[in-house]
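Values in this text are rule-based calculations from the coordinates and carry no lab data. Keep in mind the model is a prediction, meaning the values are calculated, not measured. Virtual Cβ from ideal backbone geometry, glycine too; neighbours counted across all protein chains shown.
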Amino acid sequence: MKLYVDENLTDADSGAGSMHDILYGDIKSVIPEGKVIKTIHINGKRYDDLMLNVDKSKAFKLSDGDEIKITTMSQLDLLNGSIDAAILFLKEFKNGIIKTTDEIRWGNSVGGFKNFSEYLKGLTTFVQIMEKISEFLKIDYNNLVYNDKSIQSYFNELERILSSVLSTQVEQDYVLLADVVEFELKPNIDIWGNILEDMKTKINGAADASK
């Protein structure tokens, strides 16, 4: 097995049996200080999802002939990339909200909610991104404030709204669903976009000040 980090061949395989052994063991000794993993290629194919899925990394078995290439980036680049990904998702999610309300108000209630359900699944990724940001910055969202309210309170509000959305599905009250989505969820998503832009500005400002 050959393990490259930023095109440099390392000796950090130690007979690893799975990608979990690499990512949560040997790799830590050869990643440059202040850097984090950006991409993972195994035998020419990209497997970045192994960084987020522990079970999948454990199931990904390695053989002697495998070639693993890992590239790195700075923690600041990771944070900016994560925030940009979250902002992009929220924009797409907002488009889904608008499409859902249009379909419901035009009589396609079942189809509108079915399409919206696919967008809702993406919120899991959004939450994962926010958790990663919290880990890297070592911050508690209860202590981070935006517009005189803690970031955690915005998470709580989002959770409350999503509970209302799911309740309307159970009750098949699609008129109420359209109202909740348009007048509660959409404004909340707009706020999250502003929160992320504010976080990005503060993170980069702090990084510039420390240079």
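Key figures for this structure:
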read-out: Cα centroid separation - the range 178-211 against the range 41-117, whole Å; value: 19
read-out: Relative contact order %, the range 1-89, counting alpha carbon pairs below 8 Å whose residues are six or more apart; value: 39
read-out: Cα-based shape type of the range 1-69, given that a ≥ b ≥ c are square roots of the gyration tensor eigenvalues and the cut on a/c is 1.5; value: rounded
read-out: The chain, relative contact order in percent, only Cα pairs under 8 angstrom and at least six apart counted; value: 18
read-out: Sequence of LYS138, LYS202, LYS94 once ranked by neighbouring C-beta atoms within 10 Å, starting from the fewest; value: LYS138, LYS202, LYS94
read-out: Estimated dipole of the range 40-134 in Debye, rounded to 20 [Cβ of Lys and Arg +1, of Asp and Glu -1, Cα centre]; value: 260
read-out: Calculated [θ] (222 nm, deg cm²/dmol) that DSSP helices of n ≥ 4 give over the chain, each run adding -39,500 (n - 2.57); value: -19000 deg cm²/dmol
read-out: Cα shape, the range 122-174, gyration tensor, a/c 1.5 rule; value: oblate
read-out: Computed magnitude of the charge dipole of the range 13-55 (debye, nearest 20; Cβ of K, R +1, Cβ of D, E -1); value: 200
